[in-house]
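Quick notes on the structure that follows.
What follows draws every value from the coordinates through simple rules; no lab data is involved. As the structure is a prediction and not an experimental result, all values here were calculated from the model. Reconstructed Cβ throughout: ideal geometry from the backbone, glycine too, with neighbour counts over all protein chains shown.
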Amino acid sequence: MLIQAMELSKHYGEGESRVTALDRASMRIGPGDLISIMGPSGSGKSTLLHLLSGLDRPSSGRLLYDGRDIYSLSDRELSAFRRRSIGFIFQQFNLLPVLTAWENITMPLLLDKKQPDTAYLQELARLLGIGERLTHLPHQLSGGQQQRVAIARALAAKPEVIFADEPTGNLDSKSGGEVMELLKGVGAQLGKALVVITHDRAVAELARRRFVMADGVLTEVTA
Ligand code: ADP
Ligand code: MG
């Protein structure tokens, strides 16, 4: 899948209090691309990620997935598209505390009335090193294990692209490094495109293509 963001802008507020969170950001994301985006707090990274993934709509600009303008879809069509084609990983893991790891991983599929591919999910859990933890509740897992459950959940519907917003931000540097290596390894093995927002230079340097954000302006800095 080829993703083309064309001059995406996002403004919040009106008049004196108007903020330009994102200023004409353009990028192309190809199949299997591994991309990092670095920048200080408030520079517009999350805004960009929400727009690239169709979680929000821009003030102006276009976003094409294989040539199809996804902002021309209705909200309902857009959320169905997101459920099937896009995986998300968040800083806060966002696991449901009353569900086991396995239930957290399969829940989005069940909500979408899909049968989980059990063999695929068990293999994925094994690759992520949580195969023996699937009956545990989130509070019985370490932060790094919880994030690995969240990675399995993001991959459960076999999306073509994964967006991760500071996935190692709540982890110490050792487990953050492990989670990032696993995410990168599993993404490469399954041929997924991966876009990772981070303010950790070591994490950013694991990516093949690197971007920086400053005051809403996105720039590619790939060596
Ligand atoms: P980052 O993820 O890089 O920390 P964000 O994308 O969250 O940055 O925010 C970029 C800018 O947009 C900030 O100035 C922030 O205060 C502003 N912003 C983000 N979301 C909103 C919102 N819903 N309403 C108003 N301003 C917002
Ligand atoms: Mg953010």
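Using the Cβ-Cβ distance between D75 and L137 with R0 set to 41 Å, the FRET efficiency works out to roughly 0.80. Axis angle, to the nearest 10 degrees, between helix 143-155 and the longest C-alpha principal axis of the chain: 70 degrees.
Springs between Cα atoms under 10 Å define the GNM used for the chain, and in it the highest mean-square fluctuation of P167, P31, P138 occurs at P31. The modelled label-to-label distance for the pair E178/D112, using points 7 Å beyond Cα in the direction of Cβ, is 2.9 nm. A Cβ-based charge dipole, computed about the Cα centre of the chain with Lys and Arg at +1 and Asp and Glu at -1, lands at about 400 debye. Averaging 1/r over each pair of different alpha-carbon atoms in the chain and inverting the result gives 17.9 Å, the Kirkwood hydrodynamic radius.
Annotation note: GluC sites (Glu not before Pro) in the range 97-199 located in DSSP loop regions with a Cβ neighbour count of at most 14 within 10 Å are E132. The per residue volume of the convex hull around the alpha-carbon atoms of the range 116-223 is 114 Å³.
Dipole orientation for the range 147-223: of the candidates V221, A150, G191, G191 has the Cα lying most toward the positive pole (charges on Cβ; Lys, Arg +1; Asp, Glu -1).
Three semi-axes describe the equivalent ellipsoid of the range 76-150; taken as square roots of 5 times the Cα gyration tensor eigenvalues and ordered largest first, they are 21, 14, 11 Å. One compactness figure for the range 10-105 is 1.26, namely its Cα radius of gyration divided by 2.2 N^0.38 Å.
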